[in-house]
Amino acid sequence: MNRRDFLALAGASGVVWPISALAQKASRRAVVGVLSPFTDTESTLLADLRDGLREYGYVEGRNLKIEYRSAEGQVERLRGLVLQLVNADVDVLVTSSAPAIQIVRQTTSKLPVVFARVGDALDQGIVQSLSHPGGNVTGISWFAPELSGKNIDILRELFPKGSHLGIFREAAAGAASVIAAETAARRHGLKTTIFQARTAAELEIAFDAMKDAQVDSVIVLEGLMIFNNTKSIAALATKRRLPAIFFDSKFVDAGGLVSYGPNFSDMHRRAAYFVDRILKGAKPGDIPVEQPTKFDLVINVAAAKELGISVASTILLRADRIVE
């Protein structure tokens, strides 16, 4: 991945290693633990990370062993899987999402941890600061609250006649994205109502409540459970005929109207940079958290047509990808 697509909030100094230390590192395989909180059918975390590690010269079976554990979207399984990885004596653990990171931190304070993606590492209390995260964790955080405001601007541009915006969130998520969404909505003179769900079983209930409240559009905020139910949520928005904007293009590929957000596959690959630094001796708490600087606008013109929305050519020209 092009390094220019990422912004390190503080410079990282090089590390000079004695020849004996380098020889010792080269003589053994690095053991990287990967803990996925996602359902495997919805996530490319493992494949993307493998690609990134290969770019840094790590090849499975030669100088790399990957210990992979997937919770298949079941948060209650995460703690046990973390213990398995700790007992497997991994050198560094890679994971994603605030719930998984928090459970890893509660389980071990010594094992180096890289988060391949998290909505807001500061708001969610994962790091002390972006420039100096401290502790045993570092990784990539992607401006989720700031993007919430931008997403409402885009949705308003696509659907200017809307007057009542639904803000759909995961109950366990932080409040910063909701606050940012409400602030942006007020700027556009929109009435807002917050809807939330804790589990997949509550998704349809939440969208039924939107219909009862006469919501005419919706922004879907980031969350682990929400990501793990991409297809269901996109289908519910379509069924309720709600113009919806999402944080991930997977929702648009599943039939949703529009998304604006980072390329998560790029972020997963970029996690390999942190792994490499740690394997070469850097402390996670000294490696600045990075934030993506490139965000993709993806529009589903077929979904727009079904919703009776005419997408202006100026918006289509700005789109990074158009789904027919």
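The values are calculated or read from the model by the stated rules, or taken from the named source; none is laboratory data. Keep in mind the model is a prediction, meaning the values are calculated, not measured. Counting neighbours? That spans all protein chains shown, and the Cβs are built from the backbone with ideal geometry, glycine included.
Residue-by-condition table, conditions (1) of a type in the set (V, I, T); (2) surrounded by 18 or more Cβ atoms within 10 Å (Cβ to Cβ); (3) over 27 Å from D120 (Cβ atoms):
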| site | (1), (2), (3) |
| --- | --- |
| R277 | no, yes, no |
| D286 | no, no, no |
| V289 | yes, yes, no |
| P292 | no, yes, no |
| S313 | no, no, yes |
| L317 | no, no, yes |
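Restricting attention to the stretch 92-128 and to residues that are among the hydroxyl-bearing types (S, T, Y) and in contact (Cβ under 8 Å) with a residue 60 or more places away in the chain, the residue that is farthest from R29 (Cα to Cα) turns out to be S97. Restricting N151, N228 to those that are of a type in the set (S, T, N, Q) and in contact with a strand residue (DSSP E or B) (Cβ under 6 Å, 6 or more places away or on another chain) reduces the list to N151. With respect to D153, is the statement that it is in contact with a His (Cβ under 6 Å, 6 or more places away or on another chain) and either in contact (Cβ under 8 Å) with a residue 12 or more places away in the chain or buried (at least 18 other Cβ atoms within 10 Å of the Cβ) (or both) true? So D153 does not fit the description; no.
Here the strands (runs of 3 or more DSSP E) wholly within the stretch 1-92 that include at least 1 residues being under 17 Å from L111 (Cβ atoms) and either at pLDDT below 95 or of a type in the set (F, W, Y) (or both) are 64-70. The residue that is nearest to F247 (Cα to Cα), among those in the stretch 282-323 that are small (G, A, S) and assigned by TED's automatic domain parsing to the domain that holds L130, is G285. Residue under question is L155, and the condition is that it be assigned to a helix (DSSP H, G or I), among the hydrophobic types (A, V, I, L, M, F, W, C) and closer than 15 Å to F246 by Cα; does it hold? Criteria met by L155.
Looking only at residues in the stretch 82-99 that are under 24 Å from A200 (Cβ atoms) and surrounded by 24 or more Cβ atoms within 10 Å (Cβ to Cβ), the one that is farthest from the chain's Cα centre (by Cα) is V82.
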